[in-house]
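The values are calculated or read from the model by the stated rules, or taken from the named source; none is laboratory data. A quick note: this is a predicted structure, and the numbers were derived from the prediction, not measured. The area values use the complete protein model at the heavy-atom level, side chains included, leaving out ligands, DNA and RNA. Shrake-Rupley method; radii C 1.70, N 1.55, O 1.52, S 1.80 Å.
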Amino acid sequence: AQRVTQPEKLLSVFKGAPVELKCNYSYSGSPELFWYVQYSRQRLQLLLRHISRESIKGFTADLNKGETSFHLKKPFAQEEDSAMYYCALSSSGGSYIPTFGRGTSLIVHP
Amino acid sequence: NAGVTQTPKFQVLKTGQSMTLQCAQDMNHNSMYWYRQDPGMGLRLIYYSASEGTTDKGEVPNGYNVSRLNKREFSLRLESAAPSQTSVYFCASSLQGGQPQHFGDGTRLSIL
């Protein structure tokens, strides 16, 4: 069975500090990993996906198949990064059920 | 361009009542999804529709039914509401399967 684990419910940092939101997954096939973000009073939105190898709003995430992880990182946190972040897993083909982690609330203090 | 539109935004029901949550997308997406969001549980998939004319169960389908009325619309029905179904419900869509790309604003549903 596929599973996404976000071990931290809450992560609190100061502005300018590095941020790492952890995500671990278990899946027997070839996974596709995603990060979503939900800012206060806004819709949930797709932040980035591992296949794109992109940097969005200063965030990056690298898929580590050996450690089955897809941690989200940003070198210098900003107050506007405060939001709920969800890691999600899908498969690269065939039938699947997209799976979300339970989310990590990031608070960036001034 | 509205994206994904959900109605209603809020609703209070009594146990045993029925209700249909409506969702429509205007992006010509093939796949649509219904999720529920509960504190500490993240988003759990209720049902999804990979393409027009098909629907499949997700992680928590019990107590729900869905209809993919056409390519634009995907409704979620609670036939006999229960307090355990109190939640925030999100509809989402994607161009072609995989993870959802766009979400609606959500429907906050309370069942007394």
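Tabulated data
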read-out: Normalised contact order of region B:43-110, rounded percent, pairs of Cα under 8 Å and 6 or more residues apart; value: 21
read-out: 20 °C / 1.002 mPa s Stokes-Einstein diffusion coefficient of chain B, Kirkwood radius on C-alpha pairs, µm²/s; value: 156
read-out: Chain A: C-alpha pair distances exceeding 21 Å, %; value: 31
read-out: Per residue solvent-accessible surface (Å²) - the protein assembly as shown, probe of 1.4 Å; value: 48
read-out: Cross-link partners of A:Lys73 among aspartates and glutamates (Cα-Cα below 13 Å; sequence separation of 8 or more within a chain); value: A:Glu20, A:Glu54, A:Asp62, A:Asp81
read-out: Accessible surface of the protein assembly as shown, 1.4 Å probe, proportion on carbon and sulfur as whole %; value: 49
read-out: Contour minus Cα-Cα distance for B:Asn65 and B:Gln22 (0.36 nm per residue); value: 14.3 nm
read-out: Full-extension gain in nm, A:Lys9 to A:Glu67, via 0.36 nm per residue minus C-alpha separation; value: 18.8 nm
read-out: Rg ratio (alpha-carbon, reference 2.2 N^0.38 Å) - the protein assembly as shown; value: 1.02
read-out: Cα-Cα over 32 Å, subset of A:Lys65/B:Lys57; A:Lys9/A:Lys57; A:Lys15/B:Lys9; A:Lys15/B:Lys57; value: A:Lys15/B:Lys9; A:Lys15/B:Lys57
